[in-house]
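Below is one structure, written out as structure tokens, with a few remarks after it.
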Amino acid sequence: MASHNDLGRRGEEIARDYLENLGYHILKMNWKYGRAEVDVIANQQGTIIFVEVKTRSSIDYGMPEDFVSRKKEQQLEYASSAYIEQTNHQGEIRFDVIAIVFENKDLYKINHIEDAFWPS
């Protein structure tokens, strides 16, 4: 597996642990619908949160959260609609981004952006 894939998987694990420590209940990891994938689906007090995780080894080319494109937002919207329909969720939903930047192998910073975007 390519090192960037390893970094991405590690970021998703860190994001999962981070959310669990905040009291979120993790429902799904890497949930796929068609070509769309949601990194983390969590529940917090009845709100379903769809989370995109972006992990980088440096900020030389910009902050990780800046790489959530409009196309990615649309894919998340598409997948979230399917998930809501499949689970018959009747409550609130939210789209978050968790950006992780590694300073070295064991040291990283997390930026959790709640309500990062809203479906158009």
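A few remarks follow.
- For beta carbons closer than 6 Å, sequence separation of 6+ or different chains, a first residue in segment 75-96 that is closer than 18 Å to Q44 by Cα and a second that is among the β-branched types (V, I, T), the qualifying pairs are H89/I48; E92/T47; I93/I48; R94/T47; R94/I49; D96/I49; D96/V51.
- Residue in segment 20-41 that is of a type in the set (S, T, N, Q), under 13 Å from the mean Cα position of the chain (by Cα), more than 15 Å from P119 (Cβ to Cβ) and surrounded by 16 or more Cβ atoms within 10 Å (Cβ to Cβ) present: no
- Segment 27-43: number of residues that are in contact (Cβ under 8 Å) with a residue 24 or more places away in the chain, over 16 Å from V97 (Cβ atoms) and of a type outside the set (K, R): 3
- Pairs where the first residue, in segment 44-59, is touching a residue at least 40 places away in the same chain (Cβ under 8 Å) and of a type in the set (G, A, S) and the second is surrounded by fewer than 21 Cβ atoms within 10 Å (Cβ to Cβ) and part of a strand (DSSP E or B), C-beta under 6 Å, 6+ apart: S57/F102
- For T55, the conditions (1) more than 13 Å from the chain's Cα centre (by Cα); (2) surrounded by 12 or more Cβ atoms within 10 Å (Cβ to Cβ); (3) among the hydroxyl-bearing types (S, T, Y) are fulfilled apart from (1).
- For segment 60-82, the condition of being within 22 Å of N21 (Cβ to Cβ) and either modelled with pLDDT under 95 or assigned to a helix (DSSP H, G or I) (or both) holds for at least one residue.
- Top-ranked residue of segment 72-116 - restricted to ones that are within 11 Å of F50 (Cα to Cα) and aromatic (F, W, Y), ranked as nearest to the chain's Cα centre (by Cα): F95
The values are calculated or read from the model by the stated rules, or taken from the named source; none is laboratory data. Predicted, not measured: the structure shown is a model, and the values here were computed from it. When we count neighbours, we look across all protein chains shown, and the Cβ atoms used for this are built from the backbone with ideal geometry, even at glycine.
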